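What follows is a set of notes on a single structure, which appears directly below.
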Amino acid sequence: MAWLLATALVMALVAAGLAMWARQRLAQVESGVCEEAGRALTKEELRRAVLQSLVDCRVNQINVFSGYNSGRIVVAGIVRNPEETNVFKLMEKAVQSDTRTFEENFGLEEIAPRKDRFDISSLQEPFMLAGYETSAQGTADFYVSTDVREANFNGQLSLYRMLLGYGKYYFYVPYTVFGKRCCDKSFPREKREYTYRSIAQAAIRRSKLPKEVVPVSNCGKLLTERENDTGFNFHQLVYLKEN
């Protein structure tokens, strides 16, 4: 009987300790303090950290994807100082070009796959981040830095994710996905125009859906989770629908 009492006492102490840690952790998250900095980040510091986290996430995805012999070559690129930040206006212009590749139309600078981290400190806003297949038949996704902004979220985050350090901040991280056929000289103009019209119609339908936000830690790290459906086993952003 003594050992049962001792075991019960130990379990009670462990439970009490875990409960105290959880309360302290939740209080720390709610305070907004970034542990790495030892203080709460300013709004601009937090947003800049979110942008770095977004680039890190996309580069890591490309690095993982490129490690598989899938036959599909995928890269990440940056557009510095774009002449236009409306992706659809850039697409409209690209549709009319009979002499430029997809990369040339958007002014893309390849940043991944790469072994080292791509530091965005050299980038001025606005800039654009893209992930795309090198095949002209492939797809592309674009993020515009100025579209990434803090959001309010009225939903409930799980206790597990809050204990990971999330729940104080949420950000809009919108992106545009489309087929490259609209914007590459490899295809006749008729096909480029048809593809663009299909993309624009799909975008109108998506615009009517509830907006989505991504939880952000006090240090500006976007919440991700491991993606297993495709078998590539990389981390992807966690999007939550607004109420």
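The values are calculated or read from the model by the stated rules, or taken from the named source; none is laboratory data. Computed from a predicted model, the values in this text were never measured in an experiment. Glycine also receives a Cβ, built like all others from the backbone with ideal geometry; neighbour counts cover every protein chain displayed. For the accessible areas, the whole protein counts, side chains as well, though only heavy atoms, and no ligand, DNA or RNA atoms are used. Shrake-Rupley method; radii C 1.70, N 1.55, O 1.52, S 1.80 Å.
Overview of results
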| item | result |
| --- | --- |
| Filter result for the condition that a residue is modelled with pLDDT of 90 or more, over 21 Å from the mean Cα position of the chain (by Cα) and over 18 Å from Ile62 (Cα atoms), over Ser186, Ser217 | Ser186 |
| Selection count, segment 37-46, where residues are part of a helix (DSSP H, G or I) and surrounded by fewer than 20 Cβ atoms within 10 Å (Cβ to Cβ) | 3 |
| Where Gly167 falls short, out of the listed (1) assigned to a loop (DSSP other than H, G, I, E, B); (2) open to solvent by 60 Å² or more (accessible area, probe 1.4 Å) | (2) |
| Some residue of segment 222-237 being in contact (Cβ under 8 Å) with a residue 12 or more places away in the chain, among the hydroxyl-bearing types (Ser, Thr, Tyr) and open to solvent by less than 40 Å² (accessible area, probe 1.4 Å) | no |
| Matching residues in segment 135-163 - criterion: being of a type in the set (A, V, I, L, M, F, W, C) and in contact with a Ser or Thr (Cβ under 8 Å, 6 or more places away or on another chain) | Ala136, Phe142, Val144 |
| Any chance Ser145 is closer than 24 Å to Tyr196 by Cβ and touching a strand residue (DSSP E or B) at 6+ places or on another chain (Cβ under 6 Å) | yes |
| Evaluation of Asn218 against (1) in contact (Cβ under 8 Å) with a residue 60 or more places away in the chain; (2) in a loop (DSSP other than H, G, I, E, B); (3) out of contact with any Gly (no Cβ under 6 Å at 6 or more places or on another chain) (one fails), failing number | (3) |
| Contacts under 9 angstrom Cβ, first residue in segment 146-168 being over 17 Å from Lys221 (Cα atoms) and at pLDDT below 90, partner open to solvent by 70 Å² or more (accessible area, probe 1.4 Å) and of a type outside the set (S, T, N, Q), 6 or more apart | Gly155/Lys241 |
| Cβ-Cβ under 6 Å pairs, at least 6 apart or on other chains, segment 110-139 side at pLDDT below 90, far side assigned to a loop (DSSP other than H, G, I, E, B) and among the hydroxyl-bearing types (Ser, Thr, Tyr) | Ala136/Ser186 |
| Candidates Pro210, Pro215 - the one that is in contact with a Leu (Cβ under 6 Å, 6 or more places away or on another chain) and not acidic (Asp, Glu) | Pro215 |
| Qualifying residue in segment 183-202 (condition: among the small types (Gly, Ala, Ser) and assigned to a strand (DSSP E or B)) | no |
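Residues are listed down the side, and each one gets a yes or a no for (1) out of contact with any Gly (no Cβ under 6 Å at 6 or more places or on another chain); (2) open to solvent by 40 Å² or more (accessible area, probe 1.4 Å); (3) within 25 Å of Thr42 (Cα to Cα):
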position	(1), (2), (3)
Val148	yes, no, yes
Ala151	yes, no, yes
Phe187	yes, no, no
Ser198	yes, yes, no
